[in-house]
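Here the structure is laid out as structure tokens; the discussion comes afterwards.
The values are calculated or read from the model by the stated rules, or taken from the named source; none is laboratory data. Predicted, not measured: the structure shown is a model, and the values here were computed from it. Cβ: placed from backbone, ideal geometry, glycine included. Neighbour counts: every protein chain shown.
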Amino acid sequence: MSLEEIANYIVSDGKGILAADESNPTCGKRFDSIEVENSENNRRDYREMLFRSKGMKGNIGGVILFDETLRQDAKDGTPLKQLISNSGALPGIKVDKGLVPLVDGSDEVVTQGLDGLDERCSEYDSLGAKFTKWRAVIKIGDSIPSDDCINANAKALADYAAIAQSNNMVPIVEPEVLMDGDHSIDLSFDACARSFQALFDALENNGVNIKGIILKPSMVTPGSLSEKVAIREVAEMTVRCLKENIPSDLPGVAFLSGGQTELEATAHLNEMNKIGEFPWKLSFSYGRALQQSALKAWSGKSENLFIAQDELSHRAEMNKLAALGQWDIKLEDR
Ligand code: 13P
């Protein structure tokens with residue numbers, strides 16, 4: 001498959017991405033909430049449960065993995081990446097190495113991981129990964145985000161994207177504007193707009209093929225400590241921010257959920273797709289907003305396998321409908 005075919009496939013027909021690339025420490029936080037030990041076997045069992053869910057089929061076009069999972073086998077010896085392919089989804093891999101302060105003592109951060117990235121990508125390509133992810137984090141606060149932060153993260157994202165494409169993998173570029181704080185939706189709009197402008201300038205400078213990438217942005221929302229606004233307002237502001245700042249030859253936008261509830265993330269995506277037709281697909285790349293109910297239902301117990309799989313299947317199906325603008329709250333009654 002060419003880069004363009006991979007990118008188009010992942011977001012085709014309402015399909016989206018299951019972000020299951022929690023690092024081991026982040027997985028530990030999720031497991032703490034259900035009092036499950038963060039062991040390699042438990043991480044395998046949990047992800048095996050997800051990837052064998054019926055609702056992966058037709059709803060999930062790609063699954064982002066952490067390094068461990070790409071190399072891991074299911075209990076019966078089938079590689080986990082094979083379970084993903086069996087469901088019709090493509091396996092992808094997180095390749096960044098986390099966050100460091102932008103400068104000593106700064107609250108702002110930049111993503112590291114460019115050292116040795118070409119070699120790592122070449123190995124991931126040979127292991128069967130079809131796409132990659134790199135997450136940049138932009139914080140909103142007193143006089144931030146600074147231009148330095150936005151530009152440093154845009155440059156790293158663009159350098160990463162060029163390396164991923166030269167290794168035959170589609171880069172998912174993720175400039176996450178955090179919801180943390182009490183900022184207004186206007187400040188979120190401004191931070192997203194500046195991040196997109198800097199990112200697409202840097203991608204162009206690096207000669208990255210825009211038709212072979214997927215953008216994974218935050219939605220434009222007020223801070224998590226601010227009063228919520230109407231679903232329609234989030235949808236309209238997000239669509240306007242994208243229309244004004246991203247190129248039309250981009251195949252797809254797959255949002256992160258960033259701390260929204262499962263229902264909020266679905267409702268927002270649906271509302272955007274109801275606004276009309278866009279040059280790019282508007283879909284999902286949710287971690288928590290796809291997994292939360294499934295994780296809780298599973299709670300580390302094999303007897304809960306089927307109810308947990310039902311939860312994931314349901315969310316995958318609801319988000320596919322949202323990516324087509326066909327979701328309705330009534331469909332949540334089961
Ligand atoms: P959330 O949807 O839980 O924000 O996770 C998506 C993700 O991959 C963040 O990098």
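Brief remarks follow.
- Flag if Gln82 is farther than 30 Å from Pro145 by Cα and modelled with pLDDT of 95 or more: yes
- Candidates are the residues of segment 94-111 that are farther than 20 Å from Pro171 by Cβ and small (Gly, Ala, Ser); the one that is farthest from the ligand (Cβ to nearest atom) is Gly105.
- Looking only at segment 268-277, and only at residues there that are at pLDDT 95 or above and surrounded by fewer than 22 Cβ atoms within 10 Å (Cβ to Cβ), the one that is nearest to Ala289 (Cα to Cα): Glu271
- Yes/no for Ser224 being buried (at least 19 other Cβ atoms within 10 Å of the Cβ), free of Cβ contacts under 8 Å to residues at least 60 places away in the same chain, of a type in the set (Gly, Ala, Ser) and within 16 Å of the ligand (Cβ to nearest atom): no
- Among (1) of a type in the set (D, E, K, R); (2) more than 22 Å from Lys216 (Cβ to Cβ); (3) within 20 Å of the chain's Cα centre (by Cα), the one test that Glu123 misses: (3)
- Test: residue in segment 138-148 that is in contact with a strand residue (DSSP E or B) (Cβ under 7 Å, 6 or more places away or on another chain), within 13 Å of the ligand (Cβ to nearest atom) and more than 13 Å from Ile93 (Cα to Cα): yes
Condition check ((1) more than 16 Å from the ligand (Cβ to nearest atom); (2) without any contact (Cβ under 8 Å) to a residue 12 or more places away in the chain; (3) crowded, with 19+ Cβ neighbours inside 10 Å) across all residues:
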| residue | (1), (2), (3) |
| --- | --- |
| Lys281 | yes, no, yes |
| Gly287 | no, no, yes |
| Ser293 | no, no, no |
| Trp298 | yes, no, yes |
| Ser302 | yes, no, no |
| Leu305 | yes, no, no |
| Ala308 | yes, no, yes |
| Leu331 | yes, no, no |
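So that you can scan it fast, the table gives a plain yes or no per residue for (1) in a helix (DSSP H, G or I); (2) within 16 Å of the ligand (Cβ to nearest atom); (3) among the aromatic types (Phe, Trp, Tyr):
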| position | (1), (2), (3) |
| --- | --- |
| Asn151 | yes, no, no |
| Tyr160 | yes, yes, yes |
| Asp180 | no, yes, no |
| Asp186 | yes, no, no |
| Phe189 | yes, no, yes |
| Ala193 | yes, no, no |
| Leu199 | yes, yes, no |
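- Among residues of segment 134-159 that are touching a residue at least 24 places away in the same chain (Cβ under 8 Å), those with a beta-carbon under 6 Å from a residue that is of a type outside the set (A, V, I, L, M, F, W, C) and part of a helix (DSSP H, G or I) at least six positions away or on a different chain give the pairs Trp134/Tyr160; Ala136/Asn153; Ile138/Ser195; Ile150/Arg194; Ile150/Ser195.
- For segment 62-79, filtered to residues that are without any contact (Cβ under 8 Å) to a residue 60 or more places away in the chain and buried (at least 24 other Cβ atoms within 10 Å of the Cβ), the residue that is nearest to the chain's Cα centre (by Cα) is Val63.
- Of the residues making up segment 186-221, those that are more than 19 Å from Val110 (Cα to Cα) and surrounded by 21 or more Cβ atoms within 10 Å (Cβ to Cβ) are Val208, Gly212, Ile213, Ile214, Met219, Val220, Thr221.
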